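Everything on this sheet refers to the single structure shown next.
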Amino acid sequence: MQLKLAIKLGQVRLSVRRLDLRRLSAGLLAGLYAVLYVLVRAEDTALLMGSVALFALLAAVMVGTRRVDWYAVEVPTEPRAAGAGRT
């Protein structure tokens with residue numbers, strides 16, 4: 001498992017140029033592996049711990065996106081070519 005984590009962190013290092021984003025990505029990936037490791041090791045309470053972790057993740061996403069105006073987000077449309085859509 002440690003080798004897989006080292007390989008993933010190496011991929012992050014090669015793919016992300018900015019150091020702060022690289023550290024953030026590496027930290028998030030290491031945290032995810034730590035949570036999964038704890039869940040796999042805790043046989044008796046894995047379901048409860050996984051449910052609590054998923055609830056906390058969902059709550060964090062909801063708090064992080066509470067000020068996003070989803071109706072203001074527009075999908076860019078491609079300009080239609082001349083004569084397109086005519087029958």
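Taking into account only those residues within the range 29-69 that are among the β-branched types (Val, Ile, Thr) and in contact with a helix residue (DSSP H, G or I) (Cβ under 8 Å, 6 or more places away or on another chain), which is surrounded by the fewest Cβ atoms within 10 Å (Cβ to Cβ)?
In this case the residue turns out to be Val40.
Evaluate the range 22-32: report whether one residue or more is more than 21 Å from Gln2 (Cα to Cα), assigned to a helix (DSSP H, G or I) and either free of Cβ contacts under 8 Å to residues at least 60 places away in the same chain or of a type in the set (D, E, K, R) (or both).
No, the range 22-32 contains no residue that is more than 21 Å from Gln2 (Cα to Cα), assigned to a helix (DSSP H, G or I) and either free of Cβ contacts under 8 Å to residues at least 60 places away in the same chain or of a type in the set (D, E, K, R) (or both).
Search the range 1-26 for residues being exposed (fewer than 15 other Cβ atoms within 10 Å of the Cβ) and of a type in the set (A, V, I, L, M), and hand back the single one that is nearest to the chain's Cα centre (by Cα).
Leu24
Each reported figure results from applying straightforward, stated rules to the coordinates on display, with no laboratory input. As the structure is a computational prediction, the values presented were derived from the model and not from experiment. Methodologically, a virtual Cβ is constructed for each residue, glycine included, from the backbone with ideal geometry; neighbour enumeration extends over all protein chains shown.
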